[in-house]
Amino acid sequence: MEHGTHDTGAAHDHGAHGAGGHDAHAPGGASWGAAAKATLHCLTGCAIGEILGMVIGTALLWGNVQTMILAIALAFVFGYSFTLFSVRRGGLDWKSAIKVALAADTVSIAVMELVDNGIIALTPGAMDAHLSDALFWTALLGGLAVAFVVTTPVNKWMIGRGKGHAVVHAHH
């Protein structure tokens, strides 16, 4: 059943499914556990792309803007890829899988990247730090941690309305 077609007027027995059950993705019924799981999924792809982009840009001695653009672009690529390949394994054709990945992850990745890169950009010296500097890794990983905390409520709100990561669960 697609999550957008749930009868929101019907009473759901939340006790039968638990916090991680199917009703956690029904409109109005998103749990913090479901939101955290969706955010962790997004964070994994974002972190791989973000770290790879920052490492490549820093190693090649690129400027801050070029490095950040690469990191953000790779974060979106890896973030979308995780969902894309997941729903493809579930049987969706490529066109449908791309639509699901874009619908599921765009807001989550955008919020995560805005927060993470904002923290990196605002941390004094972080953009000029080298790969061997603790400041480089502290700002990058700290930014990702804060982005997780900020993005989880966004995902909870979206899943509760049948949007964002909730669209993926219709295809599992």
Item to complete: Report, by residue number, each residue of the stretch 85-137 that is open to solvent by 70 Å² or more (accessible area, probe 1.4 Å) and among the hydroxyl-bearing types (Ser, Thr, Tyr).
Response: SER132
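Return a yes/no flag: does the stretch 111-129 have any residue that is β-branched (Val, Ile, Thr) and outside any helix (DSSP H, G or I).
Our first condition is that a residue be β-branched (Val, Ile, Thr); within the stretch 111-129, this holds for 111, 115, 119-120, 123.
After this cut, where a residue has to be outside any helix (DSSP H, G or I) as well, the list is 123.
Yes, the stretch 111-129 contains a residue that is β-branched (Val, Ile, Thr) and outside any helix (DSSP H, G or I).
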Fill in: Flag for GLY57 being touching a Cys at 6+ places or on another chain (Cβ under 6 Å) and free of Cβ contacts under 8 Å to residues at least 40 places away in the same chain
no
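Return yes when THR39 is modelled with pLDDT under 95, open to solvent by less than 20 Å² (accessible area, probe 1.4 Å) and under 19 Å from LEU144 (Cα atoms) and no when it is not.
Details: modelled with pLDDT under 95: yes; open to solvent by less than 20 Å² (accessible area, probe 1.4 Å): yes; under 19 Å from LEU144 (Cα atoms): yes.
Yes: the conditions hold for THR39.
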Practice prompt. Would you be able to say whether some residue in the stretch 66-84 is buried (at least 17 other Cβ atoms within 10 Å of the Cβ), free of Cβ contacts under 8 Å to residues at least 40 places away in the same chain, in contact with a Phe, Trp or Tyr (Cβ under 8 Å, 6 or more places away or on another chain) and over 15 Å from ALA147 (Cβ atoms)?
Written response: yes
Discussion item. Considering only residues that are assigned to a helix (DSSP H, G or I) and surrounded by 19 or more Cβ atoms within 10 Å (Cβ to Cβ), which ones fall in the stretch 155-168?
Written reply: ASN155, LYS156, MET158, ILE159, GLY160, ALA166, VAL167, VAL168
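Kindly indicate whether VAL111 is closer than 26 Å to ALA34 by Cα, among the hydrophobic types (A, V, I, L, M, F, W, C) and modelled with pLDDT of 95 or more.
Details: closer than 26 Å to ALA34 by Cα: yes; among the hydrophobic types (A, V, I, L, M, F, W, C): yes; modelled with pLDDT of 95 or more: yes.
Against the criterion (closer than 26 Å to ALA34 by Cα, among the hydrophobic types (A, V, I, L, M, F, W, C) and modelled with pLDDT of 95 or more), VAL111 qualifies.
Out of curiosity, is GLY45 under 22 Å from ALA166 (Cβ atoms) and open to solvent by less than 60 Å² (accessible area, probe 1.4 Å)? Reasoning before the result, please.
Details: under 22 Å from ALA166 (Cβ atoms): yes; open to solvent by less than 60 Å² (accessible area, probe 1.4 Å): yes.
It is true that GLY45 is under 22 Å from ALA166 (Cβ atoms) and open to solvent by less than 60 Å² (accessible area, probe 1.4 Å).
Looking at VAL77, VAL87, which one is under 30 Å from VAL168 (Cα atoms), touching a His at 6+ places or on another chain (Cβ under 8 Å) and in a helix (DSSP H, G or I)? Let's see the steps before the verdict.
Numbers: VAL77 fails: touching a His at 6+ places or on another chain (Cβ under 8 Å).
The match here is VAL87.
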Worksheet item: Restricting the first residue to the stretch 142-167 and requiring it to be over 23 Å from ILE51 (Cα atoms), which pairs with a second residue that is surrounded by fewer than 22 Cβ atoms within 10 Å (Cβ to Cβ) and among the aromatic types (Phe, Trp, Tyr) meet a Cβ separation below 7 Å and a spacing of at least six or different chains?
Response: LYS156/TRP32
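The values are calculated or read from the model by the stated rules, or taken from the named source; none is laboratory data. On a predicted model such as this, the values are computed, not experimentally measured, just so you know. Every residue, glycine as well, gets a Cβ built from its backbone with ideal geometry; the counts of neighbours run over all protein chains shown. Side chains are part of the model used for accessible areas, which takes the heavy atoms of the whole protein and leaves out ligands, DNA and RNA. Shrake-Rupley method; radii C 1.70, N 1.55, O 1.52, S 1.80 Å.
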